[in-house]
Amino acid sequence: VFSETLPITVGVPQGAVLSPTLFNIYINDLVYYMANYAEVILYADDINLLVSGNHSCLDAQTNLAVSHVYKWLTANKLFLNKSKTKSTLFNLSSLQNKRTDAQIQIMNSPIQHTESIRILGMVFTDNLKWKEHIRLLNANISKATYKIKQLR
């Protein structure tokens, strides 16, 4: 059974060999567009913003960066999935209290704040410790080991 064939008027064909490369070319200028607002890490269709600064102005800086990304995506006919958008506040100082009141928004809609975030399979916690990543890695290794033992 084949799906109905539809013309592509915008974007790249999903599942085609060239699609990841074409998409990377298409969004490549986002990094330059955002240079004054945030560090941008792109991988496939994932966009990660790194915003640094003092706690007092971090929300404003991050909201400015997020609004510029949203404007760029809209101008380039790309869709932002708000349900997959999350924020994490990394704190290198153990002397400061953990801050969980971040007010990061997309178009007046709050972004979910999490204590950890997964980027390319790596788990980054707000205190930048490895415990959560190692726990997840152990769980995955245990599952794989169990499956291999079942093959005997």
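Out of THR125, THR88, THR62, I need the residue that is within 30 Å of GLN14 (Cβ to Cβ) and among the hydroxyl-bearing types (Ser, Thr, Tyr). Which one? It would help to see each step written out before you state the result.
On the way: THR125 fails: within 30 Å of GLN14 (Cβ to Cβ); THR62 fails: within 30 Å of GLN14 (Cβ to Cβ).
Exactly one of THR125, THR88, THR62 is within 30 Å of GLN14 (Cβ to Cβ) and among the hydroxyl-bearing types (Ser, Thr, Tyr), namely THR88.
Across region 87-131, which residue is modelled with the lowest pLDDT among those that are among the hydrophobic types (A, V, I, L, M, F, W, C) and surrounded by 15 or more Cβ atoms within 10 Å (Cβ to Cβ)?
Taking region 87-131 as the starting set, the residues that turn out to be among the hydrophobic types (A, V, I, L, M, F, W, C) are 89-90, 92, 95, 102, 104, 106-107, 111, 117, 119-120, 122-124, 128, 130.
In the following step, the residues that additionally are surrounded by 15 or more Cβ atoms within 10 Å (Cβ to Cβ) were identified as 89, 102, 104, 106, 111, 117, 123-124.
Details: LEU89: 89, ALA102: 72, ILE104: 90, ILE106: 90, ILE111: 92, ILE117: 92, VAL123: 92, PHE124: 92.
Looking at residues that are among the hydrophobic types (A, V, I, L, M, F, W, C) and surrounded by 15 or more Cβ atoms within 10 Å (Cβ to Cβ), I get ALA102.
Out of curiosity, is LEU30 buried (at least 17 other Cβ atoms within 10 Å of the Cβ) and of a type outside the set (Phe, Trp, Tyr)?
Details: buried (at least 17 other Cβ atoms within 10 Å of the Cβ): yes; of a type outside the set (Phe, Trp, Tyr): yes.
Yes; evaluated as a whole, the condition is true for this residue.
Residues to consider are GLY53, GLY11; find the one that is in the same structural domain as LEU78 (by TED's automatic domain parsing), of a type in the set (Gly, Ala, Ser), at positive phi and in contact (Cβ under 8 Å) with a residue 12 or more places away in the chain. Give the steps one after another, and end with the answer.
Details: GLY53 fails: in contact (Cβ under 8 Å) with a residue 12 or more places away in the chain.
Answer to the check: GLY11.
Restricted to region 5-27, and to residues that are farther than 16 Å from PHE79 by Cα and assigned to a loop (DSSP other than H, G, I, E, B), which residue is farthest from the chain's Cα centre (by Cα)? Working first, answer last.
Looking only at region 5-27, we keep the residues that are farther than 16 Å from PHE79 by Cα, and these are 5-7, 15-22, 25.
From what is left, the residues that are assigned to a loop (DSSP other than H, G, I, E, B) are 5-7, 15-18.
Values: THR5: 31, LEU6: 30, PRO7: 29, GLY15: 21, ALA16: 23, VAL17: 23, LEU18: 23 Å.
In this case the residue turns out to be THR5.
Restricting attention to region 31-68, which residues are in a loop (DSSP other than H, G, I, E, B) and within 14 Å of the chain's Cα centre (by Cα)? Quick ask: steps written out before the conclusion?
Step one: filter region 31-68 for residues in a loop (DSSP other than H, G, I, E, B), giving 34-38, 44-45, 51-54.
Listed by number, the residues that qualify are ALA38, ALA44, ASP45, VAL51.
May I ask you to say which residue of LYS77, LYS71, LYS129 is part of a loop (DSSP other than H, G, I, E, B), among the basic types (Lys, Arg) and closer than 24 Å to TYR32 by Cβ?
Working: LYS71 fails: part of a loop (DSSP other than H, G, I, E, B); LYS129 fails: closer than 24 Å to TYR32 by Cβ.
Within the list LYS77, LYS71, LYS129, the selection yields LYS77.
Would you mention how many residues in region 52-82 are in contact with a helix residue (DSSP H, G or I) (Cβ under 6 Å, 6 or more places away or on another chain) and either exposed (fewer than 14 other Cβ atoms within 10 Å of the Cβ) or at pLDDT 95 or above (or both)? Give the derivation first.
If we filter region 52-82 for residues that are in contact with a helix residue (DSSP H, G or I) (Cβ under 6 Å, 6 or more places away or on another chain), which is where we start, we get 53, 72, 80.
After this cut, where a residue has to be either exposed (fewer than 14 other Cβ atoms within 10 Å of the Cβ) or at pLDDT 95 or above (or both) as well, the list is 53, 72.
Of the residues in region 52-82, 2 are in contact with a helix residue (DSSP H, G or I) (Cβ under 6 Å, 6 or more places away or on another chain) and either exposed (fewer than 14 other Cβ atoms within 10 Å of the Cβ) or at pLDDT 95 or above (or both).
The values are calculated or read from the model by the stated rules, or taken from the named source; none is laboratory data. Computed from a prediction, not measured in an experiment: that's the story for all the values here. In this analysis, Cβ positions are derived from the backbone assuming ideal geometry, glycine residues included, and neighbour counts consider all displayed protein chains.
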